[in-house]
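**Student:** Quick one: structure below, then a few questions.
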Number of protein chains: 2
Amino acid sequence: MKLFYAPTSAYVRKVMVTAIELGLADRIEKLPSAAHPVKRDERIALANPLAKIPAAITPEGDTLFDSRVICEYLDAQAPGLNLFPAEPRTRWQALTLQALGDGLVDAALLSRYEMAMRPPERQWDDWVQGQLAKVDAAVARLDEKIEMVAGPLTIGQIAIGCALGYLDFRFAHRPWREKHLRLAAWYAAFAERPSMQATIPRDAA
Amino acid sequence: MKLFYAPTSAYVRKVMVTAIELGLADRIEKLPSAAHPVKRDERIALANPLAKIPAAITPEGDTLFDSRVICEYLDAQAPGLNLFPAEPRTRWQALTLQALGDGLVDAALLSRYEMAMRPPERQWDDWVQGQLAKVDAAVARLDEKIEMVAGPLTIGQIAIGCALGYLDFRFAHRPWREKHLRLAAWYAAFAERPSMQATIPRDAA
């Protein structure tokens, strides 16, 4: 499978962690990409007209996006392993946890776009605060209901792990651990997984 | 199932169309909501800390979000009907089509937030154009590869139908039909479905 890739994207990281956990990492051929909300990368757009990553091309030539679809596709390529539970209630909980992780990243990214890309005189603090309120509430809810991330590994835990990793990467100036000790303890252990260690985000040299 | 609802949201519409197509609409109890990216609705946030809609509460008391998760949950409640295909290749195509529809709405909504909510002096035209480029490219790709929306009804077609309906609702000043006749013809027929007719978006009186 070909994958439009960037080492800084939390959504791409979710795909890579999923692939590593499933033992499929060696089937992924990384394609360079430079997704940007204003400067479109037309290489990506050939596969995904939204010009967002991750996007994938299967060996059969089908285009797949976004990260949720690619992760579920990978899961189906690894018989015997199951990051998308089949049992209904467990499945909905795992998928909702994934949506929470993705939504946390969505909000963090919109906040970052505002501060890092937009001309200063066009920045709107109410927008940034609105997005950061989503981030903070998601972190607080996970800490309060820490059982949400308990149990066998699912795509939900992977999404949360990648979302918290993104906060470490881009929002280190907004520490969350000291007021959320249960989530901090969970993440400290989760981040030790080889799949997480192999995918720590970094800016291009 | 309780559903945080608004008649203007394309993502909520996707859930409602899905429910109607599956014969489950009478099982949905609508809860009022006023999701807003800056002015948080704490009623929604009790269920979904991201304070976004749709969010649902199952009869068992589980919280489900976002629209993709709720739609797949509904699909599983209607044995014999199947908007999320089981056959692998058909499934990935339907889910990618859903992601395209959702991404079209994401981009349209970010453009609308910029123009309709943000103080004029904080608006950034490059951002609006970047988002509208995603919308336009998605519409053009669907028209070019009209076979993407062919075949039996899936969640992918529903997502595209709701996305195009959102353009009619909020972007009527940017007509797309005359240069995309194949997609226009598909949508004209799709929009006649009773599920679509019953869910035409409208602003609160």
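Read-outs throughout are calculated quantities, based only on the coordinates presented, and are distinct from any laboratory measurement. Bear in mind the structure is a predicted one, so any value in this text is a computation, not a measurement. Cβ placement follows ideal geometry from the backbone for every residue including glycine, while neighbour counts extend to all protein chains displayed.
**Student:** Fewest Cβ neighbours within 10 Å first, please rank B:Lys179, A:Lys134 accordingly.
**Tutor:** Taking fewest neighbouring Cβ atoms as first place, the list is B:Lys179, A:Lys134.
**Student:** Assuming a viscosity of 1.002 mPa s and a temperature of 20 °C, what translational diffusion coefficient in µm² per second does Stokes-Einstein assign to the stretch B:1-51, Rh being the Kirkwood radius over Cα pairs?
**Tutor:** This corresponds to a translational diffusion coefficient of 185 µm²/s.
**Student:** Report the percentage of all Cα-Cα pairs in the protein assembly as shown whose separation exceeds 27 Å, rounded to a whole percent.
**Tutor:** 48
**Student:** Right, something else. What does DSSP give for chain A in terms of the percent of beta bridges that are antiparallel, rounded to the nearest 5?
**Tutor:** Antiparallel: roughly 50 percent of the beta bridges in chain A.
**Student:** What does the charge add up to near A:Pro7, with Lys and Arg as +1, Asp and Glu as -1, over the other residues with Cβ less than 11 Å from its Cβ?
**Tutor:** Local charge sum for A:Pro7: +2.
**Student:** Something else: When we measure straight from the Cα of A:Lys145, which lysines land under 17 angstrom away, once same-chain ones fewer than 8 places off are left out?
**Tutor:** Here the lysines satisfying the reach criterion relative to A:Lys145 are A:Lys134, A:Lys179.
**Student:** Just report the Cα centroid separation between the stretch A:61-114 and the stretch B:134-205, whole Å.
**Tutor:** Using only Cα atoms, the two centres lie 25 Å from each other.
**Student:** For a quick check, take a GNM of chain B with Cα springs below 10 Å and name the residue from B:Arg40, B:Arg112, B:Arg122 with the largest mean-square fluctuation.
**Tutor:** Maximum among the listed residues: B:Arg122.
**Student:** Using each residue's phi in the stretch B:76-83, evaluate 6.51 cos²θ - 1.76 cosθ + 1.60 at θ = phi - 60° and report the 3J(HN,Hα) Karplus result to the nearest Hz, with x for Gly and Pro.
**Tutor:** Values, residue by residue: 6, 7, 10, x, x, 9, 7, 8 Hz.
**Student:** While we're here: For a label point 7 Å from the Cα of B:His36 along Cα→C-beta, name the residues of the stretch B:167-203 whose backbone N is under 18 Å from it.
**Tutor:** B:203
**Student:** Cα-Cα over 19 Å: which of A:Lys39/B:Lys39; A:Lys14/B:Lys14; A:Lys30/A:Lys52?
**Tutor:** A:Lys39/B:Lys39; A:Lys14/B:Lys14
**Student:** Follow-up question, since we're still on this one. Could you size up the charge dipole of the protein assembly as shown around its Cα centre, putting +1 on the beta carbon of Lys and Arg and -1 on that of Asp and Glu, and report it in debye to the nearest 20?
**Tutor:** Dipole of the protein assembly as shown, to the nearest 20 debye: 420 debye.
**Student:** Quick check on chain B: take the gyration tensor over C-alpha atoms, sort the square-rooted eigenvalues as a ≥ b ≥ c, and tell me if it's rounded (a/c under 1.5), prolate or oblate.
**Tutor:** Judged from the Cα gyration tensor, chain B comes out oblate (a/c at least 1.5, b/c at or above a/b).
**Student:** If we count every other residue with Cβ under 9 angstrom of B:Lys134's Cβ, Lys/Arg +1 and Asp/Glu -1, where does the sum land?
**Tutor:** 0
**Student:** How would you rank A:Ser111, B:Ser195, going from fewest to most other Cβ atoms within 10 Å of each one's own Cβ?
**Tutor:** If I rank by nearby Cβ atoms, fewest first, I get B:Ser195, A:Ser111.
**Student:** Now a separate question. About the Cα centre, and with charges only on the beta carbon of Lys, Arg (+1) and Asp, Glu (-1), how big is the dipole of the stretch A:17-95? Nearest 20 debye, please.
**Tutor:** Dipole magnitude for the stretch A:17-95 comes out near 320 debye.
**Student:** How much net charge surrounds B:Arg202 when only other residues with a Cβ under 13 Å from its Cβ are counted (Lys, Arg +1; Asp, Glu -1)?
**Tutor:** 0
**Student:** Of the residues B:Gly130, B:Gly103, B:Gly23, which exhibits the maximal mean-square fluctuation in a Gaussian network model of chain B defined by a 10 Å Cα contact cut-off?
**Tutor:** B:Gly130
**Student:** Another one. Using a 7 Å offset from the Cα along the Cα-to-Cβ direction at both A:Ala189 and B:Ala189, what is the distance between the two label points in nm, to one decimal?
**Tutor:** Output for this residue pair reads 5.5 nm.
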